[in-house]
Amino acid sequence: MRENTKTILAIIGAILAVILIVVVVINSFPNKAIRLEEKIATAQLNVENKEAARKDFIPDIINYIKIYDKYQGEILMRVYNARGVDTDELAEHIISLIKDAVNDRPELNNSEDYKLLMDKLTTIENQIVNARNKYNACVERYNKYIVKFPNKQILDMQGYKCKDYVMYEN
């Protein structure tokens with residue numbers, strides 16, 4: 001009888017150990033998904049910060065143009081204020097207007113300060129592209145993780161879905 005009890009206790013212990021292992025393994029899937037989601041959120045914030053830097057910098061260029069041509073600078077500022085640069089298309093349009101205004105003024109176009117401002121704008125634009133690429137890489141890692149077997153089956157039950165990539169021109 002004692003031996004039967006020991007056997008039953010051993011079986012119960014083994015079953016509990018297997019259940020505990022299954023619970024730990026199942027809980028590890030959402031933990032990794034959460035870490036990957038945090039990376040996506042950080043990357044998204046970085047994209048937004050870079051886009052905000054562009055939005056904040058364009059008026060600096062326009063104000064510099066005002067030094068050479070007050071009327072043209074004021075028109076550009078009105079267009080900027082009316083349309084903003086909340087999308088790549090609007091930002092590209094404002095930058096195109098700035099370049100057109102500068103082309104009419106050779107002394108402004110050849111100014112070292114203007115060239116430095118435009119170099120800084122190019123740097124900001126490159127940072128935006130890099131930040132978006134990093135965001136998309138984070139989304140790709142996350143999406144690949146949640147669609148793998150057995151992750152998909154476990155994470156689907158908990159409501160995890162694929163994330164969208166950032167689509168942009170350029």
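Pairs linking a residue in segment 35-57 that is within 21 Å of T87 (Cβ to Cβ) and open to solvent by 60 Å² or more (accessible area, probe 1.4 Å) to a residue that is part of a helix (DSSP H, G or I) and of a type outside the set (F, W, Y), with Cβ atoms under 9 Å and 6 or more positions apart or on different chains, are E48/A131; N49/A131; K55/A91.
Take the conditions (1) open to solvent by less than 80 Å² (accessible area, probe 1.4 Å); (2) of a type outside the set (S, T, N, Q); (3) more than 17 Å from the chain's Cα centre (by Cα); L9 misses just one of them, which is (1). Looking across segment 58-87, just one residue is surrounded by 15 or more Cβ atoms within 10 Å (Cβ to Cβ), under 22 Å from the mean Cα position of the chain (by Cα) and modelled with pLDDT under 85, and that is V85. Quick check, is Q153 under 27 Å from E37 (Cβ atoms) and over 19 Å from the mean Cα position of the chain (by Cα)? Yes: the conditions hold for Q153. Here R78 fulfils each of the conditions (1) out of contact with any Lys or Arg (no Cβ under 9 Å at 6 or more places or on another chain); (2) more than 15 Å from I58 (Cβ to Cβ) apart from (2).
With respect to C162, is the statement that it is surrounded by 14 or more Cβ atoms within 10 Å (Cβ to Cβ), farther than 21 Å from T87 by Cα and either more than 19 Å from the chain's Cα centre (by Cα) or not hydroxyl-bearing (S, T, Y) (or both) true? No, not satisfied.
The values are calculated or read from the model by the stated rules, or taken from the named source; none is laboratory data. None of the values given here were measured: they were computed from a predicted structure. Cβ sites come from the backbone with ideal geometry, for glycine too, and all protein chains shown count toward neighbours. In case anyone asks, the SASA skips ligands and DNA or RNA and just uses the protein heavy atoms, side chains included. Shrake-Rupley method; radii C 1.70, N 1.55, O 1.52, S 1.80 Å.
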